[in-house]
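Novice: Sharing a structure with you now.
The values are calculated or read from the model by the stated rules, or taken from the named source; none is laboratory data. Please read these numbers as outputs of a predicted model, since none were measured by experiment. In this analysis, Cβ positions are derived from the backbone assuming ideal geometry, glycine residues included, and neighbour counts consider all displayed protein chains. Quick note on the areas: whole protein, heavy atoms, side chains included, nothing else; ligands and nucleic acids left out. Shrake-Rupley method; radii C 1.70, N 1.55, O 1.52, S 1.80 Å.
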Amino acid sequence: MFQAGDRVRIVSCADDPRAVGRTGRIVDEVPPGPLTRGRWTVRGIGLLIGPVLCRTSELRLV
């Protein structure tokens, strides 16, 4: 389980494939629910890549 501010590496991302291999930070203060379909919000990935939604299996702690 992740917490807000955790630094993560994106190993795959159905939302935006350009984010794969990059690192970012978890934004969500609470575990993801039905609104995001169980996906975490990750931001700070890159200058031209906005926040993305990734499943737990697509992320690794750095």
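Novice: Report, by residue number, each residue of region 15-31 that is under 11 Å from the mean Cα position of the chain (by Cα) and either hydrophobic (A, V, I, L, M, F, W, C) or open to solvent by less than 100 Å² (accessible area, probe 1.4 Å) (or both).
Specialist: Selection gives D15, D16, A19, V20, T23, G24, I26, V27, D28.
Novice: For I49, state whether it is under 8 Å from the mean Cα position of the chain (by Cα) and surrounded by 11 or more Cβ atoms within 10 Å (Cβ to Cβ). Spell out how you get there, then give the answer.
Specialist: Details: under 8 Å from the mean Cα position of the chain (by Cα): no; surrounded by 11 or more Cβ atoms within 10 Å (Cβ to Cβ): yes.
No; evaluated as a whole, the condition is false for this residue.
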